[in-house]
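The values are calculated or read from the model by the stated rules, or taken from the named source; none is laboratory data. Everything numeric here is computed off the predicted structure, so don't read it as measured data. Here the Cβ is made from the backbone with ideal geometry for all residues, glycine too, and neighbour counts use every protein chain on show. To get the accessible areas, we keep the full protein, side chains included, count just its heavy atoms, and leave off ligands, DNA and RNA. Shrake-Rupley method; radii C 1.70, N 1.55, O 1.52, S 1.80 Å.
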Amino acid sequence: DYEAMVYAMPSKFGSVKRCRILRDPDSFKRNLNLYVLSEDTNGKLTFANSILKDNLKTWLNRVRMINDTIDIIDARIVNLSIDFKIIADSDKNKFDVLNACIANLQERFSEPLLIGEPFYITDVYNVLNDTEGTVDAQDVVIGIKNGLNYSDTRFDINSQKSADGRYIKAPANVAFEIKFPSIDIKGTVR
């Protein structure tokens, strides 16, 4: 399994944070596309540099099947934000409940998702409703963060949302990340 070999590469050659290998649908031969992402010094997703890709190619050539060709490609990063509204128990301090909800979401989404893994909006509702003092999570809006300090990947959430609105599909070469949970997760309470 090539993905296992990528993660088994010794760290002295560089480190891959996320990878996914897929058969190239445009190839008539056994061409495989290996999508990779690395991480920066803050643990956030970033594109792998050329040295890491060269080391990875050398590493994989040791175990590669003779008929396989592997193209190492940067996966796309989509930075998300979460805005939510909750109703707090009238016996609790509503701002303490709001802060607990934000802290629980920050913990839940501190790690980026795998390449191709969907983002489940229902997970956000579950975290909010499981937070002590929350009576009900009323509304959750998932947004895209672009611009300075964020990925420049264009992504249309509405076209990728499931028919029932429960999750956002990730294309095979996309990894979702909430890059700055302390500012990208916001909520209101009543």
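Structural remarks
- 4 °C / 1.567 mPa s Stokes-Einstein diffusion coefficient of the stretch 50-144, Kirkwood radius on C-alpha pairs, µm²/s: 78
- Per-residue ellipticity at 222 nm computed for the chain from its helices equals -7500 deg cm²/dmol, with DSSP H segments shorter than 4 residues left out and the rest contributing -39,500 (n - 2.57).
- Computed from backbone phi with θ = phi - 60° and the Karplus coefficients 6.51, -1.76 and 1.60, the 3J(HN,Hα) list for the stretch 76-82 is 9, 10, 10, 8, 10, 10, 10 Hz; x is used for glycine and proline.
- Against the main long axis of the alpha-carbon atoms of the chain, helix 94-108 sits at an angle near 10°.
- Local electrostatic count, residue 120, Cβ distance below 11 Å [Lys/Arg +1, Asp/Glu -1]: +1
- Here the Karplus relation 6.51 cos²θ - 1.76 cosθ + 1.60, evaluated at θ = phi - 60°, turns the backbone of the stretch 55-63 into coupling constants of 4, 5, 4, 4, 4, 6, 4, 5, 10 Hz, with x for every Gly and Pro.
- Label-reachable residues, the stretch 160-190, where backbone N falls under 19 Å from a point 7 Å from residue 96's Cα toward its Cβ: 188-190
- Charge-dipole axis of the chain as Lys and Arg at +1 and Asp and Glu at -1 on Cβ define it, positive-most pick from 109, 78, 98: 78
- Rounded to the nearest 20 debye, the dipole size of the chain about its Cα centre is 660 debye, using +1 on the Cβ of Lys and Arg and -1 on the Cβ of Asp and Glu.
- Taking amide H positions as modeled 1.01 Å from N, with prolines and chain starts lacking one, the residues under 5 Å from residue 80 and 5 or more places away or on another chain are 145, 177, 178, 179.
- Each residue of the stretch 130-137 was assigned a 3J(HN,Hα) from its phi angle through the Karplus expression (A = 6.51, B = -1.76, C = 1.60, θ = phi - 60°), giving 7, 6, 4, x, 8, 7, 7, 8 Hz with x at Gly and Pro.
- Local net charge near residue 70, Cβ-Cβ under 10 Å (Lys/Arg +1, Asp/Glu -1): 0
- For the set 44, 145, 94, solvent exposure ranked by accessible area (probe 1.4 Å, protein chains only) runs largest to smallest as 94, 145, 44.
- Candidate residues 69, 131, 46, 41: accessible-area rank, largest first, probe 1.4 Å: 41, 69, 46, 131
- At 1.306 mPa s and 10 °C, Stokes diffusion of the stretch 141-185 via Kirkwood alpha-carbon radius, µm² per second: 135
- Remark: the stretch 129-175 carries a charge dipole of roughly 340 debye about the Cα centre, counting +1 on each Lys and Arg Cβ and -1 on each Asp and Glu Cβ.
- Dipole axis of the chain (+1 Lys, Arg; -1 Asp, Glu on Cβ), positive-most option in 144, 133, 88: 144
- Of 171, 112, 25, the residue with the greatest mean-square motion in the GNM of the chain, using alpha carbon springs below 10 Å, is 25.
- Taking the square roots of five times each eigenvalue of the Cα gyration tensor of the stretch 1-92, the equivalent ellipsoid has semi-axes of 36, 17, 12 Å, listed largest first.
- Surface per residue (accessible, 1.4 Å probe) for the chain, Å²: 57
- Gaussian network model of the chain, springs between alpha carbon atoms under 10 Å - residue of 136, 91, 156 with greatest fluctuation: 91
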